[in-house]
Every structure is written in structure tokens, then in C-alpha cells.
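See structure below.
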């Protein structure tokens, strides 16, 4: 469904992607993990060409994304949901209008776009704040609105760029729970860039580990975190094991 | 940026540009028109509208009432249709503006001449518009270049006004072209001032110089335009100053010194003192200091430069002056004080005048008896005739030389003769008195007076003898002799009296009396007072002031002599000035100084200058307003576009390098287009620079705004990134996201009706309100 091959991107002298390759099947949820600055977000933004890669190939449903015309690219983007780290809401618009944006800009009738927006807001628990200004929302609420905006068009592909990195731990759980439920409800193909190993274990069909601009290991969450084949995989496995043993010790103590 | 413009936003930009140009042009034109109107009104209020008046006549302020009346009458009489307006008074000069119904050289010249007859006339200024003035044209240069200036296309007529030649133009638009053509004509001529080494330059020298210049390369025509008039005036002035010097010298207190073995020079100072042996002592306040003006071998003359010389009389000793000390004796001298001498003379004249009245009265009284004198004359002649007849009756009537023996003497006749002799004697005495009076006025009767006196003595002698005859009438033997003597004397007296021109005497006496009457009618008292006044006003030069004046006059005359002898040539040549100077210098000789000047300077008319200045001010104000408007538009509208485009480029809408260049290209193009168009529409100028300057300036402003756009109109990059991710086109992003969040400019205003989503963030709704808001959406 989504095929990324040998993607390369350089910012000045720094190589962000050094041959990133990834295949995602339709309806599959892939968690992309790796240390900060390893190229996860660049790879994710390259998929909808928010970042223009220097070389490589990206295909969606057999069509080259990099070869799309402007109109084709915009159509592809409208069918793709993208959730940013900092929500990136339009400040001058209300919650509802922010969520309606993709529908209205796709040419849908306003009423349908509004209905879809309400549904999306209800699905993220923000329907009550539809008429509110986004500037008055908390970080978690903003991210919920951003998620609603991303899914309002019922996209085929949803890309999540560390949606919880700017949130406090309580909100992280809320958001991750929401993403997990949405991934099941939407049935859309999802690529989630995250540092949350627990979320990956629970929600992802597959985990992809990225280091220095390329994929170093991939597999099912269980396999990657229990039998890693890469150093990075080992580190993540150790973290997961440490976290699990701590929970066991606390449980036995209780 | 390309994607933004290609995506339909170009229409928005074009719309903004058009409206900016229209609004900006109107605003700039309005501002400049208001400023122009203000300045134009100000100028017009002072000197009238452009071309409204033709001449300003300046009149002394105190005479403006009479001048206004006289000017009005003169204009009505000689220039029907002319208008008169009194303007402001400047520097005690009232100004009258005159507008003529028709202007030509003859009319204006006639008006300027007539204006000189206006009471209090203090000059005039020609304000004919439009005109170009060529100033500084010499009197002998003007006839050469004026016809050429008059022939310039666009010149209606020329007017000579002192050293100016006014070129009155057909229209204001042609004035600049006329000025340029006039400058071209003047460039062909060079006024060459040659000052040869010799002081005096003869006509032959001038012609020789002209021939040499003509023989050299470069000059196609040479005219001798030496200002003889000016030189003549200078010479006249020199002569007048010399006269003044003589006058001052004549009236200043002076000293005449006889030198004795002394070597003194003019301008040296001497001390005059009555005290001998002053040599070696200090100069005191009482010493008379003399500045020498003339020195010969044995005599010197100088001016006393002390003010107090009253006590100095008689012969004085002259000493040399050695700084503050009295030097050795150089001679003797005396003071000549013309002023004092004149005063004394006037006093004497006044005294004489007092006595004149008395003398005149006496003389007049004498002349009044002239009629009596004439009567006496008639009486004398009559008496003498009767005496002669009486003698005949006595017996000797048949002639002298009759034999005495035959004579018979009648005693009665003898008595009668004695009486007649007595009367004749009386008549002669009266006549003598009258003749004496007449001799006061004419010497014509002097011989008569002496004869009368002689005859008077003879008659007296004859009377005495008659008494003898009467006493011895009976037998006197000498009677015949006595009668002979009497007869001869009477005949002589009668003959002399008859020769006398009594009528002429009468006329002369009448004239004398008339003169004396006039003399007696003189106001002696008044004349005396006038004499006293003259005495009081006698020039009383201080010696020091006189000496200073004489030195200044001498210096002027000396300089005048030095400056004379120059030659002025008007050379027609296309040769560069430096080369021409060499040719003329070579012709004039190495010691001659050569100066090359333009024959005149073209000056646009004052009003034209003011008009041009106002036009320039208007253009500059338009330019400044256009700059301000364009800068405002760039900051409010186009910086938003540039910042939005830059933000889009940052997130994948185009390549960064191309878009970086594109935003600068956009800024410079928009700036140049806006400023250039508004400047062209409003005819703006900036520091005498035209359209290209505005284009360049607009480009520069656009570049600066493009560079500063992210700071001038910050765009939320996260919003742009989100919108790109949502599949919005650059135009949609610009309209929905960037422009509404940008500065409130033309773009924002034009974009407002096109917004799909209004500004809903400030609604503050917290409940479900989405449905109500959706009604506004466009489908």
C-alpha cells in the first residue's frame, strides 16, 4: 500500500535520511521509533512531501508520490490525515472550523463538512467545545482537536508525528488510548512516530526502528522488544524489560 | 512564490496592485495639488497670478497717494484698458502692479518711460510673463546679440532694460527651449577683457589687437566693445574729485612755509609754533601739526590737522616732526585760514551794507533836484540873452570896438544891466549845483562844471565892475573896455549853454534816480541776516578730515589711472575657452592680462523660476507621497504575501533557493511597478530625478521589504504547515490563513469578502454552536 524505498534527505551538511525504506500494508498500524534526530519525522513528512526528499521513491497504492502533480499531491494530502507534535491549529478559527477545514477545502458542502467535523469531534471527546476558540484550549484538548481534524475526512492514511511528545504523562495516556481506539475504528493505514514502547506494544502491528536516517530493524512489537537484532533494538528491549520487571516487582510487593 | 501566483492568487495581487495604484495616485495627486494650491495662492497673493501683471512700479511710500492718482490718470489717458493694483509695501517702497491689455516692445517701453513721471518714482521691475532674461549684457554687446536673441523661435519680442535683455516668450512651455537656445547663442560669444601693460590704449592699439586676434585661429568675428561710456564717466568722476580736492584745499586751514635748508617730503608732518627753540621737546596739545601736501625747493604747503588754530597768528616757526618729539627747525611760515578770512569779509560787508542805505538816500535826494537844474539851465540861457540885449541897449549894441568917444551911456540901462547880471549869476550858481549832482552819476558834465565855475567868477567880477560903472556913469573913460569884456563873456557863456544837451542830461538823471530807487528798496536788514547765515555756514573743515579726504581722493585718482586702458572684445568663436585665451594672450602680448567671460547670463524669469520651483515642489510632494503610499502598501500587503510565500516554501511548496529569489523578485517588481506607475501618473519628481529614479527606488524599497517581510508580517509557520498537510493550495492558504492574520491593508480588505471562514476565534463560544456558524460557509 505505502512503499518507501531508499529515501535520502540532506539539510546542509547533515544527512537526515540515508536510505530510509519502509513498506506498510493497507490497514496496518506501524510504529516508527528511534532516538531524537534520527530522521523519523523527516521520513514521515516526506510521505506527503511536507519535506521534499533528495532522492528515493514513495508509492501510495502503486502511485509515485514524488511524481505527483500539484493537484494530485493536494488530493493525496486531503485523503491523508497528519497529526503534528504541537497540534498546529489555525489560531483565528474556532475548534469546529479547524476541524471543518479539510472537508471544506476538499469541496464538500458545508453542511456535510460540518457534520463530519462534529462526528470527528465527538470521537475525540471535543464536541462540547466545537464553538470555542482554540487559543483557550489545553495542550491535550488541542491535540484532540488536531486528531479530529486529521480524521474528519476519514482518510486512508493517517500519519502521526509524535502526537504525545508535547503532553504531560496523563494526557499521553489519554491520547494514546484515543489513537489506539481510532486505529481500530477507522481501519485506516497508520504510521505513528512515537517514543512510547508501551503504545507500540499495544497498538502497533509492526515496529520499525530507525537510526541515523535508515531503518535498522523491524518486526512485530513482541519480536523486536524480546529478540532484537540491532543495538537500537536491544536498547529498546532493555527498556521494555526494565519497565516490565519494575511493574512485576511492584505487583509482588503489593 | 511561483506556486502561489500560479495558483490563482495572482489575481488577488493584481487587484491589490491596481487599487493601490489608483488610490495611491489619487492620494498623491491630492496631497501635491493641495500643497501646490497653497503655495500658488501664497505667491499669487503677493505678486499676482502668473502672467497677470506686466510691470511693477516702485514708489516711495510717502508719495503713494499722489502716485496712485497720477498712475491712474496716466494709464487711463495713455494706456486705455490697463489695470492697476497696489500691492504690498516693501522697504518703504509702495509697489503698483500694472497690467497692460496688449504688450509689445513699444508699449512697454512707453510705459516704463511714462512711469518715471510718477511722483515718488523709485524704479520699476518688468514682470512680463513668460520671459527669459539675459542679464549682464554690456551696452555695446547688446546691439550685436539682441537681434539673434530676438530671432529665437518662441520669442515674441525683446526688451532692453539696463544691462538686461528680456526675451518675452509666446508661451510658458516655450520658455525653457528659448532659454536653452539663448544659452547656445551666448556660448558662441566670449567677452574678452584684455588689460595691456600700458595704461593708455589708443584706438590704433585696439585695432591692432583685433587684427591679431582675427589673424589667429579660432575667432570668426571680433568686435571692439570697450565700455567707453564707463571710462568717460570715470574720467568725469576723477575730474570732479580733483575739483573737490581743490575746494577742500582752498577752505581747509593751511600753512605756507618757507623752507630753509630742509629736506621734507609731501605727506610728512611738521610742527608750527610761535616759540623758538622747540627742537627736542615733546609735541604738545597746543602745537600746530601740518601735513604737507606740496613741497618745492624752498617752499611747502600743507594742511593744518589740528582743530584749534585760533590763537596762531603772525609768523610761526616750522619744525620737523620726529614721532612724538619736535624735530629740528626747517623754516618759517604762516597760517592761511580761508574760513576765518571769509568770515571777516562777510562781517565787513554787513557793516558796509548798513551804511549803504544812508548814502543811497543822500544821492537820491540829489537827483530829485534835476528838474530844478533844468529850469535853472533855461533861466541861465534866458538871463544871458537878456544880458546881451541889455549890453546892446547900454550903447555898445552895434559891436565891440566902437569908438568910446561916441558912446553915450544910459544910466537906466546900466542899472538894468546890473540887475540882469545879478540874475544871470544866480542862474549860473543854480546850474552849477545841478551839474555837481549830475557828476555823481556821469562824468559827461565835468567840463561844463569847470566852465560854469570859471564863468561864475567872471560874472562876479563883471558885477563888481558894473557897480563901478553905476557910480561913475557920467564920465568914465574905461567903460568901452568894460563893455567889450562883458559882451565877450556873455557871448561865450551863451554859446556853451546852448551846446549843452539838456535832454540827455535829463534822461541820465532819470535812470540814475530809478537805480537809486531800486537800491533804496533793498531789504538791507534781510541781506545782513543772510550774510550772517552765510558766515555761519562757511565750510569749517577740520584739518584732519580735510587731509583724510584729500588722501582718499588722491588714492582714487591714482587707482583710476591704473585701471584705465583696458580693451573689451566680443569674440565670436567655437574654440574652447582655454585655447582662445592662448590665442588672445599671444596677440595681446605676454604682459597683458586676459580674462574671458560670457557676454551675458541667461536667467529664467522670476515667476518662471517660482513656477518651476512650485512645479518641482508639487512633483516632489507627489513623489514623497507616492513613496509613502508604496511603502505602506508594501508593508501592509505585500510583506504578508512575501512572508506567506516564504513560509509555504519552507514546508515544501517549491524549492527554497528559487523561492528565496522569487520573493526578492516579487518585492522589487511590485515596488518598481507601484512607485513607477504612481509617479508617472502623478508626474512626480524626486530631487530632479524622473521616472527611472522612481523605478529604481521602488525596486530598492521592494527588496528591503522582502528582506524584512518575516519581521514586518510574521506568519505562523505551524498553521501553514498544517494547511499544506491538509491539501490546501497556496492561494487558499493565503486567503484563509495568511492574509486574514496579516496586517490590515488593502489585501486584507479585498480578501475579507472571499473568506470561507470568517474570523471565528474571537466568538468565545464554548457550547455547541457549530451549526449556526456553518450557515455562513460558501459552497
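Values in this text are rule-based calculations from the coordinates and carry no lab data. None of these values were measured; they are calculated from a predicted model. FYI the Cβ positions are ideal-geometry reconstructions off the backbone, even for glycines, and counts take in every protein chain you see.
Over all residues in A:99-110, what is the mean tally of Cβ atoms on other chains that come within 10 Å of each residue's Cβ?
Values: counts 1, 6, 10, 6, 1, 9, 9, 3, 1, 1, 3, 8.
The shielding value for this peptide is 5.
Using R₀ = 51 Å, calculate the FRET efficiency as 1/(1 + (r/R₀)^6) where r is the Cβ-Cβ separation of residue A:229 and residue B:11; round to 0.05.
Details: r = 57 Å, r/R0 = 1.13.
With R0 = 51 Å, the Cβ-Cβ based efficiency is 0.35.
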Legend entry - residue B:116 versus residue A:166: modelled label distance in nm, points set 7 Å from Cα along the beta carbon direction: 9.5 nm
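How much length would be gained if the chain were fully extended between residue B:180 and residue B:389, taking 0.36 nm per residue of separation minus their Cα-Cα distance, in nm to one decimal? Intermediate results must be reported in sequence, preceding the final value.
Details: separation 209, 0.36 × 209 = 75.24 nm, distance 11.58 nm.
Gain in length upon complete extension: 63.7 nm.
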Inset, instruction - Calculate, for residue B:208 and residue B:332, the FRET efficiency according to 1/(1 + (r/R0)^6) with r their C-beta to C-beta distance and R0 60 Å; round to the nearest 0.05. - result: 0.60
Inset, instruction - If a/c stays under 1.5 just call it rounded; otherwise compare a/b with b/c (prolate if a/b is bigger, oblate if not). Do that for chain A, with a ≥ b ≥ c from the square roots of the Cα gyration tensor eigenvalues. - result: oblate
Legend entry - Label-zone membership for the stretch A:215-231, site residue A:245, 7 angstrom Cα→C-beta point, backbone N under 13 Å: none
Inset, instruction - Evaluate the relative contact order of the stretch A:107-158 (contact order divided by residue number), counting alpha-carbon pairs under 8 angstrom at least 6 apart; express in whole percent. - result: 42 percent
Inset, instruction - Specify the residue with the greatest mean-square fluctuation among A:33, A:105, A:190, computed from a Gaussian network of chain A linking alpha-carbon atoms under 10 Å apart. - result: A:105
Legend entry - Residue exposure sequence - B:421, A:177, B:430 - by fewest surrounding Cβ within 10 Å: A:177, B:430, B:421
Inset, instruction - Take the Cβ-Cβ distance between residue B:77 and residue B:170 as r, set R0 to 25 Å, and report the resulting FRET efficiency rounded to the nearest 0.05. - result: 0.25
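Take A:126, A:68 and order them by how many other Cβ atoms sit within 10 Å, fewest up front.
In increasing order of surrounding Cβ atoms, one gets A:68, A:126.
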Inset, instruction - Once you've got the GNM for chain A with C-alpha springs shorter than 10 Å, pick whichever of A:86, A:214, A:74 has the biggest mean-square fluctuation. - result: A:74
Legend entry - Rounded, prolate or oblate (a/c below 1.5 giving rounded, otherwise prolate when a/b exceeds b/c) for the stretch B:126-180 by Cα gyration tensor: prolate
Inset, instruction - Between residue B:161 and residue B:529, with labels modelled 7 Å along Cα→Cβ, what's the label distance in nm to one decimal, could you check? - result: 5.1 nm
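Rounded, prolate or oblate, given the Cα gyration tensor of the stretch A:134-254, with a/c below 1.5 counting as rounded?
Details: a/c = 2.05, a/b = 1.38, b/c = 1.49.
Oblate, since a/c reaches 1.5 and b/c is not below a/b.
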Legend entry - Theoretical ellipticity at 222 nm over chain A - DSSP helices of four or more residues, -39500 (n - 2.57) apiece, nearest 500: -13500 deg cm²/dmol
Inset, instruction - Within 10 Å of each Cβ in peptide A:81-93, how many partner chain Cβ atoms are there on average? Round it to a whole number, please. - result: 6
Inset, instruction - Just rank B:618, B:245, B:131, fewest to most, by other beta-carbon atoms within 10 angstrom. - result: B:245, B:618, B:131
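What average count of beta carbons from other chains do you get within 10 Å of the Cβ of residues in A:6-12?
Working: counts 0, 0, 0, 0, 0, 0, 0.
That works out to 0 on average.
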Legend entry - Those residues of the stretch B:165-189 whose amide nitrogen sits under 13 Å from the label point placed on residue B:109, 7 Å along Cα→Cβ: B:166
